[in-house]
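The values are calculated or read from the model by the stated rules, or taken from the named source; none is laboratory data. Everything numeric here is computed off the predicted structure, so don't read it as measured data. Using ideal geometry, Cβ is built from the backbone for each residue, glycine included, and neighbour counts are taken over all protein chains shown. Only protein heavy atoms, including side chains, enter the accessible area calculation; ligands, DNA and RNA are left aside. Shrake-Rupley method; radii C 1.70, N 1.55, O 1.52, S 1.80 Å.
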Amino acid sequence: MSAATWGWLVLLFPLLGSLLIGFSFRKIPPKVAGAVGIGAIFLAFLCGIGALIAVQGEPSESRHVASSLWEYASVGGFTIDLGIYVDPLSVFMVLVITGVSTLIHVYSYSYMQSDEGYHRFFSYLNFFVFSMLLLVLAGNFALLIVGWAFVGFASYALISYWYRRETATKAGMKAFVINVIGDIGLVLAAILIFRELGVVDYAAVFEKAPEVFSTNQWEVVAICLLLLVGAFAKSAQMPFHTWLADAMEGPTPVSALIHAATMVTAGVYLVARAHPLFELAPTAADLAAWVGVGTLLVAGTIAIVVTDLKRIIAFSTMSQIGYMFVAVGIGAYSAGMFHLMTHAFFKALLFMAAGSIISAMANRQNIDHMKGFGKAMPFTAVMLIIGALALSGFPGTSGWFSKDEIIDFASFRGGMYEVMAVGMLIGAFLTAIYSFRIIFRILPGKPCDEAQYLIDNGHVVHGEPGNPATGELEDTEVGYPGEEHHIAEQAPGMKIGMAVLGFLALVGGLLQIPGVDEVITKFLEPSFEDSIFVNSHPTVAEAWTGLGSGALISIVGIFTAWLLYVKKPGIPSRLEQRLQPVHSLLVNKWYFDEIIDFLIVNPVKAFGRFSNEIFERYVINGLTSGTVGVIRSAGGAVRDLQSGMLRGYAVLMLFGVVGLLLYFLIRSI
């Protein structure tokens, strides 16, 4: 089969899985629904492999296949096709998304087993994956917007999945609203593209753009800035990042799915896909890179002080996406995609391991209360260590190869990009500290009560069902977690998901060893062959020097974490007391939420109250009442004329005819 056929099948299976589970939830058992959900995504993964083989079977210059089912819209000679675009970049994204999503589905099969909304969860999960696949396979900016919007809706449904929790519904709404702001930017960018170029298909847009736009012409800069609004909102980059940590209100598999290989990487994919436009607007590309640097540093400083386990990992996601934005902003597209892949492996692994530990803590997520899980949960402990090593860029792990490739490229470009490289090195140091802050706080030491209970009894403790964010007690019906929702690492599905990701997090970096192989770069080269940076890259010696620096920073960061949290555990509390203003700034997430509330949310609410209480009540209602009175009076007058007497109607008709005759007589004079 052709690559295009495989691409359509990739979209078909998750959509069918979502619909089948959704419409038959009263007829099929929960475990069947879970199996259908897993099967649908796994079949999509197999079809992605089929697309990979088909694309690789073509000559390099022919590895771009556009396919259309029908015309989606046609107006005045302008047509929008319901079409997909299959090339190495989209196939790469398909494989990462479906591969990691399959493992998350397997994990969810066990993790969600007692939840009353089991069918609904897998239907949502399949739809989310379908939406993300539609986004990366879309063949034009119009269909991209459809996939973009679908992902936003699906994320809202999954974040607020436990819809009886007020904190969950608020978090889902927050994510949805911020993503809609990004959607507006994307729609405006598409409108400008059509106005300036007259087309929206990728191939046509990227072919015509160099002929129409000059470098940094204001129109192309405006287009790219609007694209960045959408990219920053979807990928949680400053200042649109505030929804990301709150998204932890969703079940742990949702956190793994959204924060690993899918939603938050959509913005990175968008910039990489639209790289011909961004290379015509280097100002916008540099802005993307600088925002990435700022985001990774801000997120890294927050992750060092917050105590919610899932939120620490969430801020690490925000930081790592910052690295990816730097990569695609400075022209290191393959390096950015490589880090996207390795990040998917170790970040999904970290969330899964965190979910296993949180389950053993009877749903409590504060690391201040966790201790001794290295003994209580050895398998999860090993997986958590592997994920932390890869995240911190420890030598030999996947994160070491991918992260340092981005830093090396920034150093290679020189100038202001050297400053970016320094910022990323500082971010790498912070990453190693907060990664192993998790390890040294949770795994060693005397087991806490929950860990000891697991050691003594062989199963996790079941506390009163409650909201970990507020402490309020909850029931266990639909809309809340099930009574025995958390089952930890004993479940086979959870172990399988973590084990495969742990292996990939360790060895995934071997695909891109400087001077040995360049599997990712060579595979993606046809998608970026038109880039001005296609032949720009550091030498092998420079790359290995960078890897050596990265290894040293990782080791020093881990040693610093050991010093702070094992050797001299009193230091952090003393630093907190001495630097209280700094600690307050960081633990309150740099007050971004408060600033946004003050500048945007509260003024909008005040305007809404004014519109409702003053303008609508006295102006709109007053005008409406006056208009109703006029209409009522006119109706009464007309009603009075309806006497029912024939001679009265004849007189009125006579006056009408005379009036018409006088009108035409006057006009003829």
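Assorted remarks:
- On inspection, Ala314 passes the criterion of being surrounded by 24 or more Cβ atoms within 10 Å (Cβ to Cβ), in contact with a strand residue (DSSP E or B) (Cβ under 9 Å, 6 or more places away or on another chain) and either assigned to a helix (DSSP H, G or I) or at pLDDT 90 or above (or both).
- Count of residues meeting criterion [open to solvent by 10 Å² or more (accessible area, probe 1.4 Å) and farther than 13 Å from Phe409 by Cα] in segment 327-349: 2
- Residue check for Val91: crowded, with 18+ Cβ neighbours inside 10 Å, of a type in the set (Val, Ile, Thr) and not in a strand (DSSP E or B): yes
- On the stretch given as segment 519-532, residues that are exposed (fewer than 15 other Cβ atoms within 10 Å of the Cβ) and touching a residue at least 40 places away in the same chain (Cβ under 8 Å) total 3.
- Within segment 169-186, at least one residue is open to solvent by less than 10 Å² (accessible area, probe 1.4 Å) and more than 25 Å from Tyr323 (Cα to Cα).
- Residue pairs meeting the criteria (Cβ under 6 Å; at least 6 apart or on separate chains; first closer than 16 Å to His369 by Cα, in segment 431-446; second of a type in the set (Lys, Arg) and open to solvent by 10 Å² or more (accessible area, probe 1.4 Å)): Gly445/Lys371
- Residue count for segment 533-591, restricted to those that are β-branched (Val, Ile, Thr), over 16 Å from Leu389 (Cα atoms) and either open to solvent by 80 Å² or more (accessible area, probe 1.4 Å) or part of a helix (DSSP H, G or I) (or both): 6
- Tyr107 falls short on exactly one of the conditions (1) open to solvent by 10 Å² or more (accessible area, probe 1.4 Å); (2) part of a helix (DSSP H, G or I), and that condition is (1).
- Pairs meeting the criteria (first residue in segment 408-423 and free of Cβ contacts under 8 Å to residues at least 24 places away in the same chain, second residue polar (S, T, N, Q) and part of a helix (DSSP H, G or I), beta carbons under 8 Å, at least 6 apart or on different chains) are Glu418/Ser411; Ala421/Ser411.
- Given (1) of a type in the set (Asp, Glu); (2) open to solvent by 30 Å² or more (accessible area, probe 1.4 Å); (3) in contact (Cβ under 8 Å) with a residue 40 or more places away in the chain, index of the condition Glu71 fails: (3)
- Here segment 1-59 is the region considered, the condition is being open to solvent by 10 Å² or more (accessible area, probe 1.4 Å) and of a type in the set (Val, Ile, Thr), and the residue that is farthest from the chain's Cα centre (by Cα) is Ile28.
- Residues being open to solvent by 10 Å² or more (accessible area, probe 1.4 Å), in a helix (DSSP H, G or I) and in contact with a Lys or Arg (Cβ under 9 Å, 6 or more places away or on another chain) - total across segment 242-292: 2
- Residue check for Phe25: aromatic (Phe, Trp, Tyr) and assigned to a loop (DSSP other than H, G, I, E, B): yes
- Note on segment 195-218: residues that are surrounded by fewer than 16 Cβ atoms within 10 Å (Cβ to Cβ), part of a helix (DSSP H, G or I) and in contact (Cβ under 8 Å) with a residue 12 or more places away in the chain total 3.
- For segment 356-413, filtering for residues that are small (Gly, Ala, Ser) and either surrounded by fewer than 24 Cβ atoms within 10 Å (Cβ to Cβ) or at positive phi (or both) leaves 7.
- Condition met for Ala236 (assigned to a helix (DSSP H, G or I), open to solvent by less than 10 Å² (accessible area, probe 1.4 Å) and in contact with a helix residue (DSSP H, G or I) (Cβ under 8 Å, 6 or more places away or on another chain)): no
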